Amino acid sequence: MPNAKIAGIGFYVPDQVITNFDLMKVMDTSDEWIRERSGIVERRYAKKHEETPTTMAAEASKKAIERAGIIKEDIDFIIFATLSPDYYFPGCGVLLQRELGITKTEIGALDIRNQCSGFIYGLSVADQFIKSGMYKNILLVGSEMHSMGLDFSTRGRAVSVLFGDGAGAVLIQATEEDNKGVLTTHLHSDGTNAEELAMISPGSHGGYHLQDEEFGFPSKEELGEVFVYDGLLDNKTYYPRMDGQLVFKKAVTKFPEVIMEALQKTGYTPADIDMLVPHQANLRIAQFVQKTLKLPDDKVYNNIMKYGNTTAASIPIALCEAWEAGKVKEGDLVCLAAFGSGFTWGSALIRW
Ligand code: UT7
């Protein structure tokens, strides 16, 4: 059975740097609050009308493809994880295929909507496809453009200061080498608190429906309001909302739990980890996990200070930075873990 190794990796972040001080100009917040609560100093925002999740993903993908030493025509399958797609539909997978100029149609494109754990879910899917022998080269990306969908008024500050834009990509390739690549992945979900970290609209939960009319068809005036969901404008449900404390409490429990699950499955202990790359949601969460697992500073990679929370893109961006800095080397045991909206969470162990 082939193993799935990361043969190439790349990331892209927009040039535009937005500091905490920039945000203080539009909402009632402070550099001190943001740093102390989250660790974030600055984040990147994409250029409106020029960059989208797909264009950023394409930049990251080109690096991953080149570093894998393949050509784009070698790609068998695309997996695209994002919560901020270019369109409501179709998904970004096909848009990325087009953006990369891949014209062959013997290729599949899958979109993953698992928010912060989207990359790990995607990695797990890719691993199964490689292990089953179905595909040899899978392009997996996480890309987000949060800046187009945040509430920049004081009302939205608890969420808006945390998020940034960017993309990360990996080229996952079949290898016959033993003890190489993805060793194990673990996925979890619990929908009990689905709305506690969510963007509710647009969605089919609300809106105007013909069946709302007891008699006949709706009037012309009513038809004009087809796209105005019940309460959408008043409640601002088209902005993300989060019960930060609930998510924080769950995250600090689930991160160590799911990491230990991966270690136990493969017979390792925390001391065997060469590099932990946690989803970059909050520096305090990452530090808590580090302390729980008793990992030294040089075995945990964090970059939330520079980019904020880039959701599905955060793990591949951080992994790529760590690799470029020589902190992830051939033969290393790399652990990835994420927790977020859904709630969904997961982990992966990779022999680099
Ligand atoms: O990637 C997805 C997963 N997400 C996470 O894992 C995030 C988990 N949660 C967190 O990281 C933290 O809960 C936050 C960073 C979101 C918030 O930190 P907190 O210490 O839990 O703060 P809080 O929500 O309890 O808010 C404390 C105070 C409130 O004021 P009062 O009620 O005490 O007067 C907020 O209104 O801070 C206020 N506040 C702000 N003040 C200045 C909230 N946002 C801001 C802000 N600037 N941006």
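The values are calculated or read from the model by the stated rules, or taken from the named source; none is laboratory data. Keep in mind it's a predicted model, so treat the numbers as computed, not measured. A quick note on method: Cβ atoms are made from the backbone with ideal geometry, for glycine too, and the neighbour counts reach across all protein chains shown. Ligands, DNA and RNA are excluded from the accessible area calculation, which covers all protein heavy atoms including side chains. Shrake-Rupley method; radii C 1.70, N 1.55, O 1.52, S 1.80 Å.
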Cα long-axis angle, helix 244-266 against the chain (0 to 90 degrees, to the nearest 10): 30 degrees
In degrees, nearest ten, helix 53-68 long axis to first principal axis of the chain (Cα): 10 degrees
Degrees between helix 314-324 axis and first principal axis of the chain (Cα, 0 to 90, nearest 10): 30 degrees
Residue 183 long-range amide H proximity, modeled H, under 5 Å: 349, 350, 351
Sequence-distant residues sharing a close amide H with residue 276 (under 5 Å, placed H): 300, 301, 335
Length released on extending from residue 177 to residue 195, taking residue separation times 0.36 nm less the Cα-Cα span: 2.2 nm
Under Karplus coefficients 6.51, -1.76 and 1.60, residue-wise ³J(HN,Hα) of the range 118-132 in Hz, glycine/proline x: x, 5, 5, 4, x, 5, 5, 4, 4, 4, 5, 5, 6, 5, 6
Rg(Cα)/(2.2 N^0.38 Å) for the chain, N = residue count: 1.01
Longest to shortest principal axis, alpha-carbon extents of the range 226-339, angstrom: 56, 29, 23
Net length gained if the chain between residue 205 and residue 17 were fully extended (0.36 nm per residue, minus Cα distance): 64.1 nm
Eligible aspartates and glutamates near residue 265 by straight Cα distance, threshold 19 Å, same-chain separation 8 or greater: 127, 178, 257, 274, 332
Exceeding the 21 Å Cα-Cα cut-off - candidates 5/294; 249/291; 306/327; 47/327; 291/329; 72/306: 5/294; 47/327; 291/329; 72/306
Rounded D (µm²/s) - the range 1-89, Kirkwood Rh over Cα pairs, Stokes-Einstein at 10 °C, 1.306 mPa s: 99 µm²/s
Loop sites in the range 73-114: GluC sites (Glu not before Pro), DSSP, at most 16 other Cβ within 10 Å: 106
Karplus (6.51, -1.76, 1.60) ³J(HN,Hα), θ = phi - 60°, over the range 274-284, in Hz, Gly and Pro reported as x: 8, 8, 9, 10, x, 3, 8, 9, 6, 4, 5
Check: the chain dipole with +1 on Lys, Arg Cβ and -1 on Asp, Glu Cβ, in debye: 1000 debye
Shape of the range 56-122, Cα gyration tensor, a/c cut at 1.5: prolate
Cα gyration tensor category, rounded, prolate or oblate, for the range 3-175 with a/c compared to 1.5: prolate
Charge dipole of the range 242-329 about the Cα centre (unit charges at C-beta), most positive-ward option of 318, 282, 302: 282
Anchor residue 104: aspartates and glutamates whose Cα lies under 18 Å away (excluding residues fewer than 8 positions away in-chain): 73, 74, 76
Kirkwood Rh (inverse of mean 1/r, distinct Cα pairs), the range 266-323, angstrom: 11.7 Å
With DNA, RNA and ligands ignored, accessible area of residue 250 (1.4 Å probe; Å², nearest 10): 70 Å²
Built amide H within the under 5 Å cut-off of residue 110, gap 5+: 78, 79, 80
